[in-house]
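Working notes, structure below.
The values are calculated or read from the model by the stated rules, or taken from the named source; none is laboratory data. Quantities reported herein were computed from a predicted structural model and do not represent experimental measurements. Every residue, glycine among them, receives a Cβ derived from its backbone with ideal geometry; neighbour counts consider all protein chains shown. Protein only, heavy atoms only, side chains kept; ligands, DNA and RNA dropped before computing areas. Shrake-Rupley method; radii C 1.70, N 1.55, O 1.52, S 1.80 Å.
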Amino acid sequence: MTNERRLRSVDLARLAGVSTQQIRNYEEAGVLPPAGRTASGYRVFHEAHRRALLAFRALLRGYGPVTAARIMRAVHAGDVPGALALVDAAHAALHEERLSLGAARRSLEALAREDPGPPPRAGLRIGEVAGLLGVRTSALRVWEAAGLLAPRRERGTGHRVYDPADVRDARLVHALRRSHHPLDRIRPVLDELRRAGGSDALRSALTAREEALTSRTRAMLEGAGSLHGYLGHLDGAAGGATGPAPAAR
């Protein structure tokens, strides 16, 4: 028997600023450990439930609802290594996004140092673009095969035709390749440049995304810290007599 203070659904709901129905949903989804029941069938929660709720709400802000719920379900299924693997994967994905942003920043700096010369006319052939960049035509074909370039084809002959935007993309690829960027890291940069519509717009978009990443990283750290505290509570409860009452069958 435990001497822990009992908590009701409404107590947890007020703590998190959600409805009592949401608390019930959390328990049914495995986000909270199973609750005990009174003789009349009402849910009974304890300190572990309070800590689980706070941990989940903290994880939500950095990891999002899907990953946060998967982490908590793994913990309550007794798979702590699996829960921590989900945490690791989320941080690895964030790191990859930072690498892509860094590549975009460096590509813009590389383009700023380039002397573009006179604006290219529309309708350049592959040999002309290769000569403009100082590369072989085979390099342009490799970049196209990798999905980095998509020149239109001339009707009838099938010859590649490079418009100014295609030449800009080719210059960007060339600048990044000279900085030893692998092809799979160049494509996201090109996608961002095309989506933003220009270098200045891309710089602004990158700054906004970097700020968002910083906020998300801090939220993830906060969530991981809260999860760590919850796991410590569970470890302590496992070594003593305290803990949530078992669910009614």
With criteria (1) at pLDDT below 95; (2) under 17 Å from the mean Cα position of the chain (by Cα), ARG106 comes up short on (2)
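Here's the yes/no breakdown for (1) open to solvent by 70 Å² or more (accessible area, probe 1.4 Å); (2) in the same structural domain as HIS228 (by the TED database); (3) without any contact (Cβ under 8 Å) to a residue 60 or more places away in the chain:
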site: VAL18; (1), (2), (3): no, yes, yes
site: GLN22; (1), (2), (3): no, yes, yes
site: ASN25; (1), (2), (3): no, yes, yes
site: GLU28; (1), (2), (3): yes, yes, yes
site: PRO33; (1), (2), (3): no, yes, no
site: SER40; (1), (2), (3): yes, yes, yes
site: VAL44; (1), (2), (3): no, yes, no
site: GLY62; (1), (2), (3): no, yes, no
site: THR67; (1), (2), (3): no, yes, yes
Residue list for segment 119-153, filter: open to solvent by less than 60 Å² (accessible area, probe 1.4 Å), assigned to a loop (DSSP other than H, G, I, E, B) and either of a type in the set (A, V, I, L, M) or within 13 Å of ALA165 (Cβ to Cβ) (or both): PRO120, GLY123, VAL135, ALA146, LEU148, LEU149, PRO151
Filter segment 157-201 down to residues that are among the small types (Gly, Ala, Ser) and closer than 14 Å to LEU124 by Cα and give me whichever is modelled with the lowest pLDDT. ALA165
Would you say ARG106 is in a helix (DSSP H, G or I), touching a helix residue (DSSP H, G or I) at 6+ places or on another chain (Cβ under 6 Å) and open to solvent by 70 Å² or more (accessible area, probe 1.4 Å)? no
Test GLY78 against the criterion of being surrounded by fewer than 20 Cβ atoms within 10 Å (Cβ to Cβ) and out of contact with any helix residue (DSSP H, G or I) (no Cβ under 8 Å at 6 or more places or on another chain), and give yes or no. yes
Members of segment 154-173 that are open to solvent by less than 40 Å² (accessible area, probe 1.4 Å) and of a type in the set (Ser, Thr, Tyr): TYR162
Which one is nearest to ALA68 (Cα to Cα) among residues in segment 1-16 that are open to solvent by less than 70 Å² (accessible area, probe 1.4 Å) and either part of a helix (DSSP H, G or I) or without any contact (Cβ under 8 Å) to a residue 12 or more places away in the chain (or both)? ALA16
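Table: residues versus (1) under 23 Å from ALA238 (Cα atoms); (2) at pLDDT 95 or above.
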{"site": "TYR63", "(1), (2)": "no, yes"}
{"site": "VAL80", "(1), (2)": "yes, yes"}
{"site": "ALA90", "(1), (2)": "no, yes"}
{"site": "GLU97", "(1), (2)": "no, no"}
Top-ranked residue of segment 122-141 - restricted to ones that are among the β-branched types (Val, Ile, Thr) and without any contact (Cβ under 8 Å) to a residue 40 or more places away in the chain, ranked as farthest from ALA175 (Cα to Cα): ILE126
Step by step: first the residues of segment 22-45, then only those that are aromatic (Phe, Trp, Tyr) and not in a strand (DSSP E or B), then the one that is farthest from VAL66 (Cα to Cα). Which residue is that? TYR42
Charged (D, E, K, R), at pLDDT below 95 and at negative phi: is that true of ARG14 in this structure? yes
